[in-house]
1. Quick check on Arg273: is it out of contact with any strand residue (DSSP E or B) (no Cβ under 8 Å at 6 or more places or on another chain) and modelled with pLDDT of 95 or more?
2. Looking at segment 351-370, can you tell me whether even one residue there is touching a Phe, Trp or Tyr at 6+ places or on another chain (Cβ under 7 Å), assigned to a loop (DSSP other than H, G, I, E, B), aliphatic (A, V, I, L, M) and at pLDDT 90 or above?
3. Of the residues Pro118, Pro32, Pro23, which single one is outside any helix (DSSP H, G or I) and on the phi < 0 side of the Ramachandran plot?
4. Only one of (1) part of a loop (DSSP other than H, G, I, E, B); (2) within 19 Å of Phe289 (Cα to Cα); (3) charged (D, E, K, R) fails for Arg203. Which number is that?
5. Could you check how many residues of segment 384-438 are among the β-branched types (Val, Ile, Thr), part of a strand (DSSP E or B) and touching a helix residue (DSSP H, G or I) at 6+ places or on another chain (Cβ under 6 Å)?
6. So which pairs qualify, if the first residue must be in segment 93-119 and farther than 19 Å from Ala175 by Cα, the second must be assigned to a helix (DSSP H, G or I) and at pLDDT below 95, the Cβ gap must be under 9 Å, and the two must be at least 6 apart or on different chains?
7. In segment 195-209, which residues are free of Cβ contacts under 8 Å to residues at least 60 places away in the same chain and either exposed (fewer than 10 other Cβ atoms within 10 Å of the Cβ) or among the acidic types (Asp, Glu) (or both)?
8. Mind checking which pairs have a first residue in segment 157-179 that is in contact (Cβ under 8 Å) with a residue 40 or more places away in the chain and a second that is surrounded by 24 or more Cβ atoms within 10 Å (Cβ to Cβ) and among the β-branched types (Val, Ile, Thr), Cβ under 7 Å, 6 or more apart or different chains?
Amino acid sequence: MTLGWLTTAGALATALLLASLFPPVGWTLLAPLALAPLLFTLAHEPRLWRRFLSGWLCGAIFWLAVCYWIGDVLARFGGLNRPLAGLALLLFALAKGLHMAVFAALAGPVMRRWWAAPAIAALWTGIERTHGPLGFAWLALGNAGISMAVPLRLAPWAGVYGLSFVFALIAAAAAGLALRRRRMELAWLLPLLFLWLFPALERRSVFDREAAALQPDIAGDARWDEPTLRSATRRFSFLTLQSALDPARPPASLLLWPEVPAPFYYYDDPQFRLAATDTARPARAPFLFGTVAYTPERAPLNSAVLLDSSGRLAGRYDKARLVPFGEFIPPGFRWIDKISSEAGDYAAGEGARLLEAGNHRLGVFICYESAFPDYIRQFAAQGAQVLVNLTNDGYFGRSAARAQHLLLARMRAVENRRWLLRPSNNGITASIDPSGQVWSAFPEHRLHAGRLPFRYLDERTFYSRHGDWFAWLCLAAGLAAWAATQIPVYRPLE
């Protein structure tokens, strides 16, 4: 096999291994070795441009395989025919693949050094941290470790990026072994033994409260008229109160509806506003639900409104991290219609702020915001005692995106050691405990009202307090390691 074909084979192998870590496949045990084939071939490739192209190929195939559902969403809700939806997906994957291209271009010379393993792990982790600021954030390598008890101990200290570092470190060491490097270089794995010194996550979390949550199961392309809207509102209110006031259980401490799946406009619709008040008041519990609010300039906001136990407005959170293609169109893609039925792009909210539910503090965020670890940890840093992720995954259909989205929420719960309540339009509605375990998941694609257990907690994790210190340190260290490989080495002639 020629060097060019070897490099391509390594890129393809790593792309497929990375994609297989996440739903719909979910072979998470491969996470520590997924990068090894690419790293092995990069060590042989002296040409920067070929390393860049092989990394680009690897990244593009990974994003195509994991986010294949974007094409379906654009075709069904974005007003595109299948060829144009496929083209948009391809352009998206090529854009996202540039992160892997940069990593591969820099990683080649680093792989030839005796300190390759920690340097490669730092470079991977640091570049992974740039996905959010430079576009679309979704699944980090570390998300594959959500059910791995020992690596997961790092999450409350370094976030998901701590797990990414561990997996990249092992992969780099394995690649070095395949390259027949000195066995002493495996000593870089010895610090992983210290993982057992980090506090173990409590896998039998205790709850003392329950929220009554509604999963309305409203189709994303549903059409509404006045009688249909009023009938749906009455039915959803009745089901919520039926669950909240179940005589066989203690009264619900909180009422939850998902991210707005229908024209439930608290500020524009007096009848809906009255119905919401009449839902909170009999339950004598705060009521949190999704709605559309507006800026002073009348730009729409994707918002969550909280009513107190007497039905009065207690607070509002406006979504700050918007969904590409769904709530705004990224530069270069203006030819794609918005998925949302709202006129014009959504405006972004001002950022993380808590909502007060009686004597307790809620960290409320909406849908795609769960993909941003440093943003979600700000709620816990400000004192949120429980996290609430209102979402509408109906646009995902029956694709793997729903399970992928749940993985993100599970990691956010672990990083901040908080219960996380997740009301969704048609699933996956669930409660997630501080160890990332899923409780009381509702049946998907069904109208359902039920209880989600939780507990208010106050202790802040190191990650909640300090954020992505580790990931940014890794980026600096990884770039410094690459720069060190570019310093000429003097070798005297013999």
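The values are calculated or read from the model by the stated rules, or taken from the named source; none is laboratory data. These figures come from a predicted structure and were not determined experimentally. Neighbour counts are summed over all protein chains in view; Cβ atoms, including those assigned to glycine, are modelled from backbone coordinates with ideal geometry.
1. Yes; evaluated as a whole, the condition is true for this residue.
2. yes
3. The match here is Pro23.
4. That leaves (2) as the condition not met.
5. Number satisfying all stated conditions: 2.
6. Ala93/Ile70
7. Answer for segment 195-209, where residues must be free of Cβ contacts under 8 Å to residues at least 60 places away in the same chain and either exposed (fewer than 10 other Cβ atoms within 10 Å of the Cβ) or among the acidic types (Asp, Glu) (or both): Trp196, Leu197, Pro199, Arg204.
8. Listed pairs, sorted by first residue: Tyr161/Thr125; Ser164/Thr125; Phe165/Thr125; Ala168/Ile120; Ala168/Thr125; Ala172/Ile120.
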